[in-house]
Each structure stands twice: as structure tokens, then as C-alpha cells.
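All remarks here apply to the structure that follows.
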Amino acid sequence: MRALVAGAAGFLGSHLCDRLRRDGVTVLGLDNFCTGSRQNIIHLEHDRDFEFIEHDITQPIDASAAGQVDVIFNLACPAAPLAYQRDPLFTLETNYGGVRNLLELAREKEATILQASTSEVYGNPTLHPQVEDYWGNVNCFGVRSCYDEGKRVAETLMLEYGRRYGIPIKVVRIFNTYGPRMDPEDGRIVATFIVQALQGRPITIFGDGSQTRSFCYVDDLVDGLVRMARSEPSFTGPVNLGNPAEFTVLEAARLIKKMTGSSSPTINDVLPQDDPRQRKPDISLAEAKLGWHPRVSFEQGVARTIEYFRAVTGSRPDPCRRLSAANGCADPDSPRRAARAAVMR
Ligand SMILES: NC(=O)c1ccc[n+]([C@@H]2O[C@H](COP(=O)([O-])OP(=O)(O)OC[C@H]3O[C@@H](n4cnc5c(N)ncnc54)[C@H](O)[C@@H]3O)[C@@H](O)[C@H]2O)c1
């Protein structure tokens, strides 16, 4: 069994590579490092059954260079709002041209292909919790639409390639996932709060913090991806993967503050445009079809994530700087940082 993991140097992709290697699967990782980091896969450098190519999926993939491919996991896409809003056209292209290139490869290799879709396809949901046959409430003209609509068209592409060419397709809709190797600079809640708390900086809450999120620990999520890839061929999804335990953003901040023993104050900032009010997956389908449900509680997962960021903080005073350096943007005045700051404003 040989798997191609697109987005291998990212947060989820790197954990997926680790899990596949533990399962004895040979892995070909692929990434363009636009949001990922070499640091995330450096421990696989001397693993003879892990190969890596630097490649942007918006460019066609050389099928002969890829070699044997039995299954493709497509996780290649900037996932944090700050990251995907930095270059919306690139985000759209990654989700259309990029997904199409991977589908063409799957067709040529007769491989199963799994697409990492997202709870964002539900937009700002009017149905709670979200079930897979809910069509969503997406603003197709807003700042998040390059990602939300990009992921929606990627699902459609998967479906149409499956229909036309009989490719075994799998679509998972991932809800907020957290854990070690997240980029604490990209604005995603758990890593941002933990690093702010560890550094004694104010914990920034957008709006009044009453909006809810459901947080899934990375190991649980990766297990869901693997189960989905191995599921019966007729089961295409889409299937929700996430932890249904629901927290307000304020509750998450308070828990993280307590668990880090931090004295950071919490401050409020303006709620970003189209920020969803509620997020909670209905995972009945994943339970029935994949025998999957999350096992790691939020407290357990946060404890493991704090441990990781403490270790990173221990090696250098500022984990943000260290991880940025790994991403190739160590200079605080780099264009990439400037772009991030511009989006944040
Ligand atoms: N983490 C979550 O909570 C979450 C939630 C919903 C969906 N997802 C989806 O899961 C996938 C992985 O998310 P993540 O959290 O690991 O994000 P991430 O940004 O850490 O990882 C994405 C990886 O894809 C790479 N990439 C982006 N565009 C590429 C391109 N055109 N060609 C090649 N590589 C490219 C990046 O460099 C990065 O390594 C994404 O598709 C995302 O939409 C994640």
C-alpha cells in the first residue's frame, strides 16, 4: 500500500503521514509549503518508506514520477482564515485546478481519493447540529467565500469524477481540529489562546465569545480519515468528522487560561465578517459507517497541546518566531508577515 498525502507538511497532513507510517503504509508526501513547515516532517527525513516532493497541486502532477499510488489524501489547502484570505484566487485555484489535478492522477493510477472538505461548507448554519444533508448557509460574496465556495466546488468535482470515471471517491467534512504542530500565528483558536496564555499576553476573543465551536483532537481526526479511506467503496460521504462537545469561545479561553496557570487578561476584538455563530457536528453517520467517534476529551487534548507548546517555548523564547522561521518567514518584517497583519486588521 502506497499513499500520496497532498499537504503533508501541514498540521493535519504531517500527523496523517505519521499515522500511515505507523500502520506500515509507504508514503509519498507532497506540499508547496505555503502554510506548512519542513519542521513538521523533519523527523521522517531518514525514513526510507517516506518520500517527499515539493509541488504545488495547481500544477499537473507527473504520474510517472509519482510511482505507485493506491490512495490519495488531499489535505492541500490553506485552512486558517488568515491564510486562505491572504490570496483568495490561489485558494480558489487550489480547490478547483488543484483538486482536478489530483483527480486526474487518481484516474490514471486507479487510486481511491479522499478529499478533506470542511464544516465551512455549512457557512453560518441555520440548522444545529449540522447533518450532512443540510445544504448550508454560505455567503458566496464574503471574505470567507474563497474557502467556503472553493471547498464546495471541490466536493462537486469529486462527485462528478466519481460519476463519470467510476473513481472511488471519499469526502470528509472536518470540524475544528487542534493539537501539536498548529501554527500559532495563523489565528486558529486553540493554538492562539495557548501561546498567548503561555507568554502572558492578553487572550484575544473576537466578539463577546458567546459563539460556539466543537474542537476535535488531531489523533481522533486522523483516525477518522484512515477509517474513511478504508471504508467500503460504495460509501463516498460526505461524512462529518468532528467532536460534538460544544464550547463557547469564552469557555475555551477560560479553560486554557486555567490549565496553563496563566494570569493573562482576556480582551475583546471585533468579530470577523461572516464568523459562524454555532458549530457542532452530527456524527451519527461516521459512527454508523466508520465505527468512529472521538475518544480524546477537550481537557485531555488541550493538556497535550499545552505540553507541545511549552516544549517549543522552552527551546526558544518565542514559539511564533521559531515556527515562522521553519516556514521560511523568520523576518518579522517579511512580506508574508506584513500580509498576515494586513488581513488581521
Ligand atoms: N484543521 C482544521 O481544523 C480543519 C478543519 C476543516 C478542514 N480542514 C482541511 O484539512 C486540510 C488540512 O488542514 P490543516 O489544518 O492541516 O492546514 P495547514 O495549513 O496546516 O495544512 C495545509 C497544507 O497544504 C499545503 N498546501 C496548501 N496549498 C497547496 C497547494 N496548492 N499545493 C500544495 N500544497 C499546498 C500547505 O503548505 C500546508 O502544508 C485542509 O484542506 C483544510 O481545509 C482542516
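None of the figures in this text is laboratory data; all of them are computed from the coordinates on show. These numbers were taken from a predicted model, which means no experiment stands behind them. No Cβ is skipped: glycine too gets one built from the backbone with ideal geometry, and neighbour counts run over all protein chains shown.
Things worth noting here:
- Computed over segment 1-143, Cα set: Rg, Dmax in Å: 16.0, 49
- Size descriptor, Kirkwood hydrodynamic radius, that averages inverse alpha-carbon separations across the chain, Å: 20.3 Å
- Rounded to the nearest 5, the antiparallel percentage of DSSP beta bridges internal to the chain is 10%.
- Segment 251-303: C-alpha gyration tensor shape, a/c 1.5 cut-off, then a/b vs b/c: oblate
- Selection from N176, S117, M259 lying farthest towards where the dipole of the chain points positive, charges on Cβ: M259
- Within the chain, the longest run free of exposed loop sites, counting GluC sites (Glu not before Pro) that sit outside DSSP helix and strand states (H, G, I, E, B) and have at most 12 other Cβ atoms within 10 Å, spans 111-345.
- Loop-located trypsin sites (Lys or Arg not before Pro) in segment 9-55 (DSSP state not H, G, I, E or B) with no more than 15 neighbouring Cβ atoms inside 10 Å: R48.
- The chymotrypsin sites (Phe, Trp or Tyr not before Pro) found in segment 114-159 that occupy coil by DSSP, while having at most 13 further C-beta atoms within 10 Å, are W135, F141.
- Pairs of Cα atoms farther than 17 Å apart, segment 121-219, %: 66 percent
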